[in-house]
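The next block holds one structure in the form of structure tokens; read it before the comments.
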Amino acid sequence: MQFLAIFLMSFLTLWIFTGVGSEVAGIQQTSSEYYKNTNMADIWVYSENINNETINQISQITSTKNMERQLVLRTTADLKDDPTVTIHFVENNTLSKYYPIEGGSIDLNDENGIWLDKRFADAKNLKIGDKIKLEFDGITIEKTIRGLGYSPEYVYAQGDSLIPDFNMNGFGYLSYKAFDIKDIQYNVVLIDTEENSDTYQEKLDEKINYDSYVPFKDHVSVSQFQAEIDQHAMMGSMFPIVFVIVALLTLLTTMTRIVNHQRTQIGTLKALGFTDKKITLHYISYGFYLTLFGCVLGLIIGPSTMPYLFFPSMSAFYTLPEWKAGWDISFFIVAIVLLMLSVLFTFLATKNISKESPSQILLPKAPKISRRGLIEKTMIWNKIGFNGRWNYRDIQRNKIRSLVTVISIIGCTLLLISAFGMNDGMNDLKTWQYGGINHYESQLVFEDNITQEQIDNLTKIYDGTQVMNQKIEIRAENIKKTTNLMVYNETGLITPTDKNMHEIKLPKDGVSLTEKSAELLGVKKGDVIEWHLYGEDEWIKSTIDEVYADPATQGITLSQEKLEQVGYNFTPNYIVTKESVNGPVEGISSINSFTDLQSSWDELMESANLLIGILLIFAFALSLVMLYSLGILAFTEVERDLATLKIIGFKTKSIRRLFLVQNLILSIVGFVFGVPIGYYVLRVMMDSSGDTFYYPINYSFETILVTFLIVVGLSVVVNVLFSRKIRDIDMVESLKKARD
């Protein structure tokens with residue numbers, strides 16, 4: 001059983017490490033290849049009219065490798081539910097190239113064709129050869145569908161709701177010759193450069209005026225997909241590393257203790273003439289083959305099973321040409337480290353024994369001398385019963401064995417409480433977002449061409465609160481981030497909170513920064529930050545008047561009055577209202593009910609919750625294997641002592657109690673230390689989860705109780721099972737065994 005435990009520890013560790021790691025590596029590698037194969041642009045520059053002179057000025061920047069103009073328009077398709085289709089009129093399709101799935105690539109000489117988003121076409125049951133009518137600002141465009149495919153700019157196709165809706169949003173690519181007006185006015189230029197985006201922007205500022213500058217990392221599709229990858233990497237990389245460390249520690253101590261229990265056999269082999277080298281190689285083979293088989297099986301099964309559990313939920317929101325598992329050199333490094341350390345510790349343990357003479361090895365090892373401990377010198381000692389005294393002295397005499405037991409219990413506690421803590425964090429994230437902060441019933445998203453008069457009327461009709469949400473750049477010292485600006489006046493529909501989810505009041509004439517942004521920028525309340533809206537050049541200096549926490553939207557929050565004080569116009573994107581709004585409303589592109597937003601959130605977090613579930617199962621399985629292994633070793637090591645107690649007249653019941661009490665005490669001590677260490681590990685994992693989400697970490701009482709029941713309960717159950725063997729102990733044979 002000990003050998004089986006070694007095999008299972010190696011196997012489970014490599015399975016979870018490579019399985020989850022290959023999912024993260026796979027989507028990271030696939031998306032990188034996709035961006036590379038489609039020559040994804042490095043920079044997008046938006047302006048109302050990008051003419052030949054603009055292109056000439058940009059071409060004079062020596063670091064410009066390639067560029068391409070496009071006219072990008074948001075149109076409404078003449079289809080059921082009036083879906084939005086963003087169309088791109090391209091000049092040569094060399095940057096951020098359309099990726100054809102059916103019907104071939106774009107024909108730049110085709111004046112009547114459109115190459116449509118395949119997922120939108122599938123949702124609308126459109127096929128190659130069908131005609132589609134699109135309307136924009138009173139202009140109707142009717143084209144024939146020539147092909148269906150994907151675009152690297154739409155890996156994450158954000159619409160008006162939290163999650164992509166392929167029934168309501170799509171994209172299309174057309175040749176610039178398909179634009180019906182001769183003087184086409186391009187509004188975006190895609191740039192290919194290897195220069196740092198900040199440096200390039202400084203050079204661009206000297207050449208042209210523009211509305212907005214978006215580097216690759218800040219592109220909405222890229223940043224959202226990267227945030228998803230970061231979230232998986234956080235949970236899928238750091239947690240398995242904890243697995244590896246805990247399993248490695250247990251594996252090594254197990255191997256060392258197994259060899260120590262082979263003392264008599266080693267002495268016999270030596271007496272029979274076996275060389276130290278042969279004996280060492282024999283015992284090294286124990287750990288080597290078991291660990292090797294476990295690692296190889298984990299390396300094979302992990303990447304071929306676990307990633308494919310996540311891909312269905314991931315592909316529901318993100319679009320890649322293929323979903324496949326990836327490989328990383330760390331998989332082999334971890335396997336080799338496990339193997340090498342297993343061999344090393346077995347070698348050291350064997351060498352330590354084999355350097356003695358056969359006669360010394362065959363003699364029982366002398367018991368360790370135990371000195372009086374601190375407690376034994378006090379009055380308390382006389383009040384402690386025999387059970388307590390015996391266990392105290394046994395722990396004193398076997399400090400290493402007791403320490404290893406405590407550390408292993410800490411490891412089990414750490415694994416389980418971190419996994420349960422992540423589950424609590426995800427649940428709190430939703431409760432916080434849709435209960436603690438937001439209290440509205442409907443979110444009404446404005447159409448692009450809505451007038452301020454319409455906005456004011458809608459606000460009055462639905463008694464709503466206008467909210468402005470825009471991308472900004474923010475910097476402090478040498479750190480620059482792209483984040484969000486939220487602007488709204490004080491309302492009962494949105495409640496700002498601190499990091500403990502307690503309600504706070506944001507200053508009406510001040511600037512408030514989220515906890516996550518403050519951590520990323522290394523600033524605190526009272527410090528100065530600089531920020532500006534995308535498309536604006538002038539940086540605004542602001543003092544942080546308050547720090548608040550938001551689980552999903554990071555950045556700064558201002559009141560309308562404060563925004564206008566710094567020189568910006570208040571341009572709301574949507575209103576929130578307590579009323580339940582149904583049906584089409586003039587000027588509103590989409591209506592998101594509170595229930596819809598919660599459902600979208602659940603769907604968006606589906607893959608993360610799946611990952612947590614898998615980690616929990618593996619944490620439980622590994623803990624079970626480790627505790628069982630500890631139980632076997634603990635019983636084997638004290639078997640001689642228990643036999644001695646039986647010989648001098650102790651009843652089996654009393655001996656079982658002695659055995660159980662010690663293991664129970666060590667398990668509780670390990671659990672008590674494991675809880676705060678698990679909290680710290682979880683905090684480190686959550687802090688490394690990218691720039692988007694701020695995870696609350698609050699262990700619920702239920703989480704601590706369930707972890708306690710599993711860890712300590714399993715430990716007790718395992719030791720109860722072994723304690724039943726006490727009545728079957730052969731006293732003569734046990735006393736013949738060597739003491740470790």
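The values are calculated or read from the model by the stated rules, or taken from the named source; none is laboratory data. These numbers come from a predicted model, not from an experiment. Note that each Cβ is placed from the backbone with ideal geometry, even for glycine, and that neighbours are counted across all protein chains shown. All accessible areas refer to the heavy atoms of the entire protein, side chains included, with ligands and DNA or RNA removed. Shrake-Rupley method; radii C 1.70, N 1.55, O 1.52, S 1.80 Å.
Taking the Cβ-Cβ separation of A316 and Q29 as r and a Förster radius of 25 Å, what is the calculated FRET efficiency to the nearest 0.05? With a Förster radius of 25 Å, E is 0.75. Separation of region 591-620 from region 318-357 is 33 Å, based on Cα centroids.
Would you give the gap between the C-alpha center of region 170-217 and the C-alpha center of region 76-120, rounded to a whole Å? Using only Cα atoms to place each centre, the spacing works out to 18 Å.
Taking the three principal axes of the alpha carbon atoms in region 141-221, the coordinate ranges are 42, 37, 22 Å, sorted in descending order.
Highest-first packing order for the peptide set 84-92, 505-513 is 84-92, 505-513, based on the mean count of other beta carbon atoms within 10 Å.
Hey, got the dipole for region 498-550? About the Cα centre, +1 on K and R Cβ, -1 on D and E Cβ, debye to the nearest 20? Kindly include the intermediate steps, with their values, before the conclusion.
Numbers: 7 positive and 13 negative charges, 46 e Å.
With only Lys, Arg, Asp and Glu charged at Cβ, the dipole is about 220 debye.
Only protein heavy atoms count here; on that basis, with a 1.4 Å probe, V716 has an accessible area of about 50 Å².
Of the DSSP H helices in the chain, those that are both long (alpha-carbon extent of 27 Å or more along the helix axis) and hydrophobic (Kyte-Doolittle mean at least 1.0) are 239-260, 329-354, 606-647, 652-687, 701-723. Give K525/K562; K143/K207; K324/K480 a once-over and call out the pairs whose C-alpha atoms are over 27 Å from each other. The answer is K143/K207; K324/K480.
If packing is taken as the average number of other Cβ atoms within 10 Å across a peptide's residues, how do 541-547, 609-615 rank, most packed first? Each step should come with its number before you reach the end.
Working: 541-547: 16.3, 609-615: 19.1.
Result, highest mean Cβ count within 10 Å first: 609-615, 541-547.
When the accessible area of the chain is split by element with a 1.4 Å probe, what percent falls to carbon and sulfur? Using a 1.4 Å probe with all protein chains present, the chain comes out at 55 percent carbon and sulfur.
Charge dipole of region 255-337 (Cα centre as origin; +1 on each Lys and Arg Cβ, -1 on each Asp and Glu Cβ, all else neutral): 520 debye, rounded to the nearest 20. Sorted into 5 angstrom bins from 0, the C-alpha pair distances of region 592-695 split as 2, 9, 10, 15, 13, 11, 9, 8, 7, 6, 4, 3, 2, 1, 0, 0 percent.
State the percent of C-alpha pairs, over all pairs in region 344-488, separated by a distance greater than 24 angstrom.
71
Between K131 and E603, the C-beta separation translates, for a Förster distance of 45 Å, into a calculated FRET efficiency of about 0.85. Restricting the calculation to Cα atoms, every distinct pair contributes to the Kirkwood radius of region 659-721, found to be 13.4 Å.
Using a Förster radius of 41 Å, what is the FRET efficiency between A271 and R724 based on their Cβ-Cβ separation? Nearest 0.05, please. Can you show the working numbers first?
Numbers: r = 36 Å, r/R0 = 0.87.
Efficiency for this residue pair is about 0.70.
Here the gap between D198 and I184, fully extended at 0.36 nm per residue and compared with their Cα-Cα distance, gives a gain of 2.0 nm. For K399, the aspartates and glutamates whose Cα falls under 19 Å of its own Cα, not counting residues fewer than eight places away in the same chain, are E376, E637, E639, D641, D740. Computed from the alpha carbon positions, the gyration tensor of region 407-517 leads to an equivalent ellipsoid with semi-axes of 36, 20, 14 Å, biggest first. On the principal axes of its alpha-carbon atoms, region 481-630 has extents of 67, 46, 31 Å, going from largest to smallest. Taken per residue, the accessible surface of region 41-175 reaches 42 Å², heavy atoms only and a 1.4 Å probe.
Ranked by the mean number of other Cβ atoms within 10 Å of their residues, highest first, the peptides 219-227, 701-709 come out as 219-227, 701-709. Accessible surface computed residue by residue for region 431-559, with neighbouring protein chains in place and a 1.4 Å probe, gives 46 Å² per residue.
Averaging the Cα positions of each part gives two centres, and for region 1-71 and region 273-305 these lie 38 Å apart. Geometric descriptor of region 586-652, per residue, is 105 Å³ (volume of the convex hull of the Cα atoms).
Show me the trypsin sites (Lys or Arg not before Pro) within region 164-231 that DSSP assigns to loop and that have at most 10 other Cβ atoms within 10 Å of their Cβ. Working shown, then result.
Numbers: sites: K177, K182, K203, K207, K217; in loops: K182, K207.
The qualifying sites are K182.
By the Cα gyration tensor, the chain has an equivalent ellipsoid whose semi-axes, rounded to whole angstrom, run 63, 30, 22 from largest to smallest.
Counted by Cβ distance under 13 Å from H219, the other residues give a net charge of -1, where Lys and Arg count +1 and Asp and Glu count -1.
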